[in-house]
2 protein chains.
Amino acid sequence: MTMEKKAWQKILRYLKIRDKARTDILEDILPQDIAEKITELEPEEQRKVFGLLNDEEAALILGELEPSEQAHIISAMDDKKSAAILHHMPSDDIADLLGGLENPKVQSILKHMHKEDVAEVTGLLKYPTDSAGGLMTTEFIAFKETTKVKQALSRLRELAPSAETVYYLYTVDEDDRLVGVTSLRELIASSDEETLGQIMRTNVLSVNAEIDQEEVANIVQKYDLLALPVVDNDEKLLGIVTVDDIMDVIEEETTEDIYHLVGTSEREGKSLVHAGVLATSKARLPWLIVCLLGGLISGFVIDSYEDTLANVIALASFIPVIMDMGGNVGSQSSTVFVRGVATGEILPKDMFQYFFKDMKVGLIMGSVCGVSVAGAAALWQANPMLGLVVGLAMFCTVALAATIGTLIPIFFIKLGVDPAVTAGPFVTTIKDVTGLMIYFYIAMTFMEYL
Amino acid sequence: MTMEKKAWQKILRYLKIRDKARTDILEDILPQDIAEKITELEPEEQRKVFGLLNDEEAALILGELEPSEQAHIISAMDDKKSAAILHHMPSDDIADLLGGLENPKVQSILKHMHKEDVAEVTGLLKYPTDSAGGLMTTEFIAFKETTKVKQALSRLRELAPSAETVYYLYTVDEDDRLVGVTSLRELIASSDEETLGQIMRTNVLSVNAEIDQEEVANIVQKYDLLALPVVDNDEKLLGIVTVDDIMDVIEEETTEDIYHLVGTSEREGKSLVHAGVLATSKARLPWLIVCLLGGLISGFVIDSYEDTLANVIALASFIPVIMDMGGNVGSQSSTVFVRGVATGEILPKDMFQYFFKDMKVGLIMGSVCGVSVAGAAALWQANPMLGLVVGLAMFCTVALAATIGTLIPIFFIKLGVDPAVTAGPFVTTIKDVTGLMIYFYIAMTFMEYL
């Protein structure tokens, strides 16, 4: 979907000439496409392009860039110019952008901004970025209950260009407390003389500004909303969170879940991609150290069967395949289960039913893998009994790994701990230790035939 | 967020009495909440509740249930009643629901449905469920270019209750080809006498019905759309995909990505949670067999150093920790990289820059893990030289695993293969083999001091 070189040069030409009949270049090209192109340019060129844009165009395009790109561009720009561009952005985007800059730069930009903008933005900056308050914008539309449909529609016509969304009209009482909501769809389907108080829904969904963004995303997704109002402790309407921001939250939360699967933490809700070398190492090392301990415990198991191993040194050759397979089956089981719980496909009442199903799956996969590896081992080492030992150990390891892979997350859920965070390291260590114990125990049992 | 027992009993009471002043029970309680409650009930109770609802209410609630729950409820219902309920659902939801039923049941329900409903739904059923055509609904709003704002608004007032979304008005020519789009926001901000042809955007984004749902989701997400029109090969407008369906697609695609991480395939875009025991085994076994081969290759490495191992049997005790750590670091690196590419945080031009950063991270983590395990090994086996060997091998393995973990996905991307699908098994096998080779090579080198 990247813009072709020719199309881009045409845009630059338009911007340079600023033909009076064509100053509205952004009406025909979507700002997202220009933003995408800009990320591919060198810093020097980026500055040139922004020099050609007027403040409103620059705001539109800046709003579509990743926070790190925004910080680059704003840092290289004159503070007065930055403030003028920010004036055209919605308050939540301004807050996000300033949140990514160094503090002295923020202070110096705030000095040049309109007083009302500063008040709105500093109001937003006090909420954590991953809370409802951190996500919301203050550009919402609210009326009193007594407003007539006709009045609301004509006022909407004026507000439409600057509001973040016009698709929900909120109704507030004298103290700005949220009392109802009317969708634009309901508004246009109503007759002119009705009041908002008559047509509004009174059981309006809202969230407190302190609520975590994951919960906000869940509500928007569950109820198929285009926007969700944010209120303070007194139910006073503070802002709205819109569905486009929610899609970004879902992406961010998914990254977090995927990171947890491999035992990596994020840095304050940010991905590791743009983190420095030391910060990345710090985020990844804790689980590695836990796993290092787990690996040493597995070593103890081997150590305690040293005599068995010394007698039949060929047993060592099958340690990797037993460990790998136990690990893979265990992480398959725990991953499918944890994801199923996260998406609501596995309800609490169905957890144990799912557990028994996965146990059966483990038995089937264990049989297939056991027979395969038994044959391979028997042929390779020209020792059918060794094949039997390895195959039997493989069957038990795979079947047990599937069981452990679902049982441990269930255990954590019952304890009230998020299984995504904790199941990984435990599953790894427990399946390694049990797999190796089974293997050497079976080998020891059959020792005289090996 | 589950409904309290008391609230639920109140709803049931209302439904039973059907007080004439309160037949509009669903205006105050959201259908999603009733749907959630219904999934917790036993089949017998579910039937009772649906018996109390009128067709329109039943349609609203049915639309919010998971496909497997829908199939349960519809299968137990009289076909005529089912058809009457489906009449009140949007065409995409009907198609999805019928797609989850056995064919004879579908045929028998279709017999009782309105002719127009049947035509629309069978039209949709011919598209794969994971294509734009499979996602779209036919309940969109389209006008001709000559329609005036005033006319469009008054027509919208009539259409609002039945259209899937009223927030975009599409403009079509004589042959129903898509030529423009006007948002409801732009419509209400325009004056009554303007025509849609004057105010519409002509560079309207659209997708062909055959396009994969992942691409549809990417476009909706990138351009912050509430709906995206779907056209056929002649640009004829067929339907629209709405943002609430896109959020479900994102969830589904994420599940797919997460499954790929652990080498599990989905069944035709469905998660494994509701698949049978055999189907689940079949989806999970292929990668397990690949890994089994990988594990055997690692075994060959150990086998070829049998003499070294037989001399210092204590070396075997550190095989697990070397393998585990290489595996963890490798999957951390490849997962963070593959996710970064998927979300667009790592652009093609930055791949190698990221690779070098991750190499440095690998060196730091390798140093920390190497020193830790060297100390542990030296103390445990009371053999400082063995500690040195294990520590040195750990450093090399971790540093190399980080390098391989990003290099292999880069290699697959350059080949044009989705790295999410393929990187896992390769990273596992290569890091195992190299880790063990390094370990035994270092051990052999220092053999005389051990």
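The values are calculated or read from the model by the stated rules, or taken from the named source; none is laboratory data. On a predicted model such as this, the values are computed, not experimentally measured, just so you know. Cβ: placed from backbone, ideal geometry, glycine included. Neighbour counts: every protein chain shown. Only protein heavy atoms, including side chains, enter the accessible area calculation; ligands, DNA and RNA are left aside. Shrake-Rupley method; radii C 1.70, N 1.55, O 1.52, S 1.80 Å.
Here is the figure for region A:238-273: residues that are part of a strand (DSSP E or B), open to solvent by less than 10 Å² (accessible area, probe 1.4 Å) and more than 9 Å from chain B (Cβ to nearest Cβ) total 3. Of the residues in region B:132-146, at least one is within 27 Å of B:Thr202 (Cβ to Cβ), of a type in the set (Val, Ile, Thr), more than 14 Å from chain A (Cβ to nearest Cβ) and surrounded by fewer than 19 Cβ atoms within 10 Å (Cβ to Cβ). Going through (1) within 7 Å of chain A (Cβ to nearest Cβ); (2) under 28 Å from the mean Cα position of the chain (by Cα); (3) open to solvent by less than 20 Å² (accessible area, probe 1.4 Å) one by one, B:Val361 falls short only on (2). For region B:301-310, state whether one or more residues are open to solvent by less than 30 Å² (accessible area, probe 1.4 Å), at the interface with chain A (Cβ under 7 Å from one of its Cβ atoms) and in contact (Cβ under 8 Å) with a residue 60 or more places away in the chain. Looking for residues that are open to solvent by less than 30 Å² (accessible area, probe 1.4 Å), at the interface with chain A (Cβ under 7 Å from one of its Cβ atoms) and in contact (Cβ under 8 Å) with a residue 60 or more places away in the chain, one finds at least one in region B:301-310, hence yes.
Taking the criterion of being under 18 Å from A:Lys48 (Cβ atoms) and either in contact (Cβ under 8 Å) with a residue 24 or more places away in the chain or in contact with a helix residue (DSSP H, G or I) (Cβ under 7 Å, 6 or more places away or on another chain) (or both), the residues of region A:61-80 that qualify are A:Ile61, A:Leu62, A:Leu65, A:Glu69, A:Gln70, A:His72, A:Ile73, A:Ile74, A:Ser75, A:Ala76, A:Met77.
Might you let me know whether region B:135-152 holds any residue that is polar (S, T, N, Q) and closer than 26 Å to B:Asn218 by Cβ? Checked region B:135-152: at least one residue is polar (S, T, N, Q) and closer than 26 Å to B:Asn218 by Cβ. Within region B:214-227, the set of residues being of a type outside the set (A, V, I, L, M, F, W, C) and part of a loop (DSSP other than H, G, I, E, B) comprises B:Tyr223, B:Asp224.
Out of B:Ala283, B:Ala217, B:Ala279, B:Ala227, one residue alone is more than 7 Å from chain A (Cβ to nearest Cβ) and in contact with a Phe, Trp or Tyr (Cβ under 6 Å, 6 or more places away or on another chain). It is B:Ala227. Of B:Thr429, B:Thr403, all but one fail to be among the polar types (S, T, N, Q) and modelled with pLDDT under 90; the exception is B:Thr429. Here the helices (runs of 4 or more DSSP H) wholly within region B:133-213 that include at least 2 residues being modelled with pLDDT under 90 are B:149-159, B:184-188.
Just one of the numbered conditions (1) within 30 Å of A:Lys144 (Cβ to Cβ); (2) aliphatic (A, V, I, L, M); (3) touching a Ser or Thr at 6+ places or on another chain (Cβ under 7 Å) is not true of A:Val216: (3).
Yes/no per residue for (1) facing chain A (nearest Cβ under 10 Å); (2) part of a helix (DSSP H, G or I); (3) touching a strand residue (DSSP E or B) at 6+ places or on another chain (Cβ under 7 Å):
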site: B:Val341; (1), (2), (3): yes, yes, no
site: B:Gly344; (1), (2), (3): yes, no, no
site: B:Gln353; (1), (2), (3): no, yes, no
site: B:Met385; (1), (2), (3): no, yes, no
site: B:Ala393; (1), (2), (3): no, yes, no
site: B:Thr406; (1), (2), (3): no, yes, no
site: B:Phe411; (1), (2), (3): no, yes, no
site: B:Val417; (1), (2), (3): no, no, no
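Would you be able to say whether some residue in region A:148-162 is open to solvent by less than 50 Å² (accessible area, probe 1.4 Å) and more than 14 Å from chain B (Cβ to nearest Cβ)? No, because not a single residue in region A:148-162 is open to solvent by less than 50 Å² (accessible area, probe 1.4 Å) and more than 14 Å from chain B (Cβ to nearest Cβ). Total residues in region A:311-323 satisfying the condition of being open to solvent by 20 Å² or more (accessible area, probe 1.4 Å) and at the interface with chain B (Cβ under 7 Å from one of its Cβ atoms): the figure is 1. Within region A:228-237, the set of residues being open to solvent by 40 Å² or more (accessible area, probe 1.4 Å) and either touching a helix residue (DSSP H, G or I) at 6+ places or on another chain (Cβ under 6 Å) or not in a loop (DSSP other than H, G, I, E, B) (or both) comprises A:Lys236 only.
Contact map, region A:280-297: first residue in contact (Cβ under 8 Å) with a residue 24 or more places away in the chain and under 16 Å from A:Glu256 (Cα atoms), second residue among the hydroxyl-bearing types (Ser, Thr, Tyr) and surrounded by 20 or more Cβ atoms within 10 Å (Cβ to Cβ), Cβ cut-off under 8 Å, separation 6 or more or different chains; pairs are A:Trp287/A:Thr264.
Of everything in region A:303-333 that is aliphatic (A, V, I, L, M) and within 20 Å of B:Thr280 (Cα to Cα), the residue that is nearest to the chain's Cα centre (by Cα) is A:Val329.
Only a single criterion out of (1) of a type outside the set (Phe, Trp, Tyr); (2) under 19 Å from B:Ser281 (Cα atoms); (3) within 11 Å of another protein chain (Cβ to nearest Cβ) is not satisfied by A:Ala377, namely (2).
Taking region B:324-333 as the region of interest, how many residues are open to solvent by 10 Å² or more (accessible area, probe 1.4 Å) and farther than 12 Å from A:Gly295 by Cβ? Break it down stepwise before answering.
Let us first name the residues in region B:324-333 that are open to solvent by 10 Å² or more (accessible area, probe 1.4 Å), namely B:324, B:327-328, B:331.
Retained after the next criterion (residues that are farther than 12 Å from A:Gly295 by Cβ): B:331.
So the answer is 1.
Given the condition more than 14 Å from chain A (Cβ to nearest Cβ) and over 14 Å from B:Ile11 (Cα atoms), answer yes or no: does some residue in region B:31-41 qualify?
Checking region B:31-41: not a single residue is more than 14 Å from chain A (Cβ to nearest Cβ) and over 14 Å from B:Ile11 (Cα atoms).
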